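Report on the following structure.
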Amino acid sequence: MAVWIQAQQLQGDALHQMQSLYGQHFPIEVRHYLSQWIEGQLWDAIDLENPQEEIKAKRLLDSLIQELQKKAEHQVGEDGFLLKIKLGHYASQLKSTYDRCPLELVRCIKHILYTEQRLVREATNSSSPVGGLMDSMSQKYHQINQAFEELRILTQDTENDLRKLQHNQEYFIIQYQESLRIQAQLSSLATLPPADRQLREPSLLSKRATVEAWLTREANTLQKYRLGLAEKHQKTLALLRKQQTVILDDELIQWKRRQQLAGNGGPPEGGLDILQSWCEKLAETIWQNRQQIRRAEHLRQQLPIPGPIEELLTELNSTITDIISALVTSTFIIEKQPPQVLKTQTKFAATVRLLVGGKLNVHMNPPQVKATIISEQQAKALLKNENTRNDSSGEILNNNCVMEYHQTTGTLSAHFRNMSLKRIRRSDRRGAESVTEEKFTILFESQFSVGGNELVFQVKTLSLPVVVIVHGSQDNNATATVLWDNAFAEPGRVPFIVPDKVLWPQLCEALNMKYKAEVQSNRGLSEENLVFLAQKAFSSSSVNPEDYRNMTMTWSQFNRESLPGRNFTFWQWFDGVMELTKKHLKPHWNDGAILGFVNKQQAQDMLMSKPNGTFLLRFSDSEIGGITIAWVAENPNKAGERMVWNLMPYTTKDFSIRSLADRISDLNHLLFLYPDRPKDEVF
């Protein structure tokens, strides 16, 4: 049964969170009617980073639309009629949204399938730490929604108070005009005969005294109303700041951190729909309060009454402008990062998005975004506001793009599809630092106005660090720099500082994440594999495995210093293993046929207790990206003695000619895969 159907049976917020995944991108009615069809398609077979895969993606989009139309045709009855219209509408919507970019649909559905499975897993195992994490997430979402409800009530309350104040002030002005009329009448009495003046003057004087007494009292009341309204606005703005801090400094920063870890092969960072809905609610509430404060200021100017209100309103106006400025500048983000290993003269893409663009009507005058590559030093200066010149460290072709508003999704974004780094200007490097350790970043900047040019914003955002290479041979070392940065960067760091040394278990986590992603396997690195890697990294087999937990590894040990007796680093060896496994050995790694992370001595110890012809596969110690076969057999030089033999390592070049299974089949003296599996059953 489809995962989504299982998910419907769960209690709590799992289904609610799942529904929030779809939004307008992929309506839940569509998911319900096509759940099994969607899960039966080969979404994972499409490589999102390869533009050539667009034809496959287009085929899947067309099939999805056909399935929807087929489902719509089979709906009958009154309820069926409504659903038929809905499904037909969704079919048209999907076509108009994704026809030009079918790979985006694949990305969306892959994320939904991954998240569904995770939510089902977590909700059915709520006693686990992950389940506990989900409970805390649900609680956090509940608190955010509760705060929004409180803000809505406060904003409605101040709106009512403002209307009441306006009404009272208008009545005050009418009475003030009445007092002026009485004063004019009193002044005109001077032209009348004394008898007439004496007859009318007492009545007018009494009336004037009554009106003036009322005006004095009412002026005090109005001042109290104004102060009370200002105090309520202060409370609202304090809550707004707090809510904005939770959303921007917690939730959005966590999303960015997940995005960075996804660069190392971590789980997808997740969609931005929930974050955008929160940011839009913030924008709406901030704008309503800003308009209220401006109306209160207008009322004060209309009827100036001496007191502290002028200063209070100035402060409120300044605070609300700061809040909206922080919201707008923080929600200009990179939805799809440029490649972190960037080769010159090669096409690349990126997407930037403004999470509050729709609510603030920024698209009414579509802003243009410019992309520039800058160095680590320039990024530091930029964040300190020291950049006075518009410097760059290279030339990017096709680096200007207009932000487009997508009506169906409610998103405002700029898709840079055909950028290319024409040239790069490098800075002087420090000490042993190589070109593949030098970090750059893509700066995206724009300017736009909101509220009919009331406020103009200069917005900037920096990509994750990128390492620029000019030749494919530099890719390996550049990837090491990116892996270390993604794994160990701290939020809010000075660009692009990372620790020089980390605990071995932290590095293990990063290596395991990268390995699983590169090899596209659920079989990660076992505890035994990690002990082997530790022994290799620290050049020691005598240390107790438990001791590795407290050991630290420096960047130099990771990818500057060669391993003892070798002309390559630990990372270069590990990366070679990943490349070989990914390209040629994936099925055999997944089914456990390859032990891989075993040294020569361990292989000998394991095989000597087994019958002749027993063999195992281990990654070569002496060669990058090689795998060797070790087997036990008779020693031809000493009768009755057995020994372990090792073949010369096979590499990618060898497997491009003949596969591993074929090569093992050719070797008749190999009989059993360790420990005791007949080779023909395995290969």
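Computed from the coordinates by the stated procedures, all read-outs in this text should not be read as laboratory data. This is a predicted model, so every value here is computed, not measured. So basically every Cβ, Gly included, is an ideal-geometry build from the backbone, and we count neighbours across all protein chains shown.
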Query raised in the report: Check PHE448: other-chain or 5+ apart residues with amide H under 5 Å from its amide H, H built from backbone geometry?
Result: PHE457, VAL459
Report summary line: In degrees, nearest 10, the alpha-carbon axis of helix 504-519 is tilted away from the dominant principal axis of the alpha carbons of the chain by 80
Query raised in the report: Length gain on complete extension for the stretch ASP249 to VAL76, per 0.36 nm per residue less the alpha carbon to alpha carbon distance?
Result: 57.3 nm
Report task. With a 10 Å radius around each residue's Cβ, average the other Cβ atoms per peptide and rank 402-409, 662-669, highest first. Result -> 402-409, 662-669
Report summary line: Taking the chain and counting helices only, DSSP H stretches of n ≥ 4 at -39,500 (n - 2.57) each over all residues, the nearest-500 ellipticity at 222 nm comes to -17500 deg cm²/dmol
**Report entry** For segment 303-397, projected area of the alpha-carbon convex hull averaged over all directions, nm²
**Finding:** 10.1
Report task. With the convex hull built on the Cα atoms of the chain, state its orientation-averaged projected area in nm². Result -> 44.5
Report task. Would you pull out the residues with amide H under 5 Å of ARG642's amide H, same chain only if 5 or more places away, H placed 1.01 Å from N? Result -> ASN635
Report summary line: Taking only the alpha-carbon positions of segment 134-328 as identical scatterers, the Debye log10 I(q)/I(0) at q = 0.12, 0.19 Å⁻¹ comes out as -0.73, -1.21
Query raised in the report: Put +1 on the Cβ of each Lys and Arg and -1 on the Cβ of each Asp and Glu in segment 334-485; which of THR409, PHE348, PHE440 then has its Cα farthest toward the positive end of the dipole?
Result: PHE348
Requested in this report: Report, for segment 518-658, the % of DSSP beta bridges that are antiparallel, rounded to 5.
Outcome: 95
Query raised in the report: Order of SER413, SER203 from fewest to most other C-beta atoms within 10 Å?
Result: SER203, SER413
Query raised in the report: How big, in percent, is the set of alpha carbon pairs in segment 197-307 lying more than 24 Å apart?
Result: 57
Query raised in the report: How high is the FRET efficiency between ASP428 and ARG642 when r is their beta carbon distance and R₀ equals 60 Å, given to the nearest 0.05?
Result: 0.50
